[in-house]
Amino acid sequence: MSDFNALIGNNLRIERERIGKSSTSLANALGIKRPVLISYENGELEFGEDFLNQAASVLGCKIGVFFQRHAPLPNVRFRSKKSLGSREAVLNCCSDRLQDLLFLEDLLDKKIAPRFQELRNICCTCNVNESAKKARQFLKLSDNEPVMDVCAVVERLGIRFVPFDYDDDNVSGLSANAPDIGAVLFVNNTPKLSVEHKRFSIIHEMAHLLRHSEDYRSDEPRDEDKLDSEADQFAGQFLMPDEAFEFVWKETNGLSLWPRVSRVKSYFGVSCQTVLYRLAKCFGQSVYPKFYSSYTRFTGEKFVRNVEPLPMPNEDFGMQTFNQLVREAIEREEITVSRGAEILGCSISNMQTLMDEWV
């Protein structure tokens with residue numbers, strides 16, 4: 001087995017798993033037996049150009065995908081609703097985006113301000129709600145102030161923020177805490193996830209980095225449900241502190257339930273589910289059927305839990321840092337327009353349109 005064949009075979013398997021295609025299904029589409037495909041994926045057979053072109057066509061990817069080498073991404077935590085078809089595909093996607101960011105930082109001599117450890121030391125000494133409050137104080141956010149830009153918040157702490165595009169809404173985000181890179185927070189920028197969901201995922205992962213840093217390196221068994229529950233509680237308190245929630249809720253007490261919830265969710269930039277969860281803690285589970293009835297009465301539709309009503313706009317969510325770095329690199333003639341388009345994941349024509357709008 002050559003290293004080259006092993007690389008291609010492994011990438012072939014990862015790409016197949018990424019789109020949820022079975023080995024039998026792909027083998028049939030390629031006109032070969034399943035054991036032969038497995039031999040290809042194991043790097044035991046030589047790859048011909050025709051075979052790779054056919055595989056790329058069936059899998060809906062570019063042939064270059066099979067030749068990519070990806071930097072390892074150690075010490076990672078996933079935020080996922082269920083087991084992923086290919087953990088490796090997600091890690092590769094995130095690793096590639098991180099390498100783009102590190103490349104631009106090095107090229108432009110942009111340094112990350114190291115404030116993260118200071119806040120982590122504070123948050124590890126108190127309970128979840130108190131640590132969320134202290135994090136807001138550390139960032140100089142007032143008690144009633146909504147968090148307008150969660151991406152900027154994590155970057156102010158010296159945590160690298162990396163949006164990645166992965167066409168599977170089962171994975172929301174993940175974070176890494178590697179000794180040689182530092183804290184990195186990734187969020188899936190797919191349009192299938194609402195901006196409210198992405199904002200919550202970002203602070204959820206920030207909570208893991210602040211409160212569960214040792215678990216990134218630990219091989220010991222851990223209670224993932226408990227840790228995720230803590231991170232959810234932190235995110236809810238950070239984005240929508242109790243005192244601020246109570247104030248806004250009272251300010252809307254003349255409205256029916258659905259308009260009232262929509263006002264609160266819009267003010268804090270959270271999902272309906274986050275608001276309802278807080279209401280249920282205050283007033284009991286009967287809040288849910290009352291809300292569903294109110295929503296249907298106002299909209300004429302049934303409330304669907306995974307479809308966010310009145311969602312925040314998704315345009316360029318989380319891409320500000322990448323856009324700024326790419327613009328500076330192009331204007332300084334450090335990279336080409338095509339390289340800028342590659343980093344931003346757009347066509348050269350769209351990149352040119354973006355450049356035409358720079359003022």
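Checking LYS134 against (1) part of a loop (DSSP other than H, G, I, E, B); (2) free of Cβ contacts under 8 Å to residues at least 60 places away in the same chain, which test does it fail?
The one condition LYS134 does not meet is (1).
Given the range 1-112, what helices (runs of 4 or more DSSP H) lie entirely inside it while holding 1 or more residues that are among the aromatic types (Phe, Trp, Tyr) and closer than 30 Å to SER213 by Cα?
Those helices (runs of 4 or more DSSP H) span 87-108.
Just checking, how many residues over the range 243-301 are among the acidic types (Asp, Glu) and within 19 Å of ASN129 (Cα to Cα)?
Looking only at that region, the number is 2.
Restricting to the range 149-206, what's the tally of residues that are surrounded by fewer than 22 Cβ atoms within 10 Å (Cβ to Cβ), farther than 17 Å from ASP316 by Cα and at pLDDT below 90?
Summing the residues that are surrounded by fewer than 22 Cβ atoms within 10 Å (Cβ to Cβ), farther than 17 Å from ASP316 by Cα and at pLDDT below 90 in the range 149-206 gives 8.
Collect the residues in the range 261-309 that are closer than 26 Å to ASN144 by Cβ and among the aliphatic types (A, V, I, L, M), keeping them in residue-number order.
VAL261, VAL264, VAL270, VAL275, LEU276, LEU279, ALA280, VAL287
Does the range 31-44 hold any residues that are of a type outside the set (Asp, Glu) and crowded, with 17+ Cβ neighbours inside 10 Å, and which are they?
The answer is LEU37, TYR40, GLY43.
For the range 1-27, name all the residues that are loosely packed, with under 14 Cβ neighbours inside 10 Å and either over 21 Å from ASP168 (Cα atoms) or among the β-branched types (Val, Ile, Thr) (or both).
Within the range 1-27, MET1, SER2, ASP3, PHE4, THR24 qualify.
The values are calculated or read from the model by the stated rules, or taken from the named source; none is laboratory data. Here the structure is a predicted model, which means the values were calculated and not measured. Every residue, glycine among them, receives a Cβ derived from its backbone with ideal geometry; neighbour counts consider all protein chains shown.
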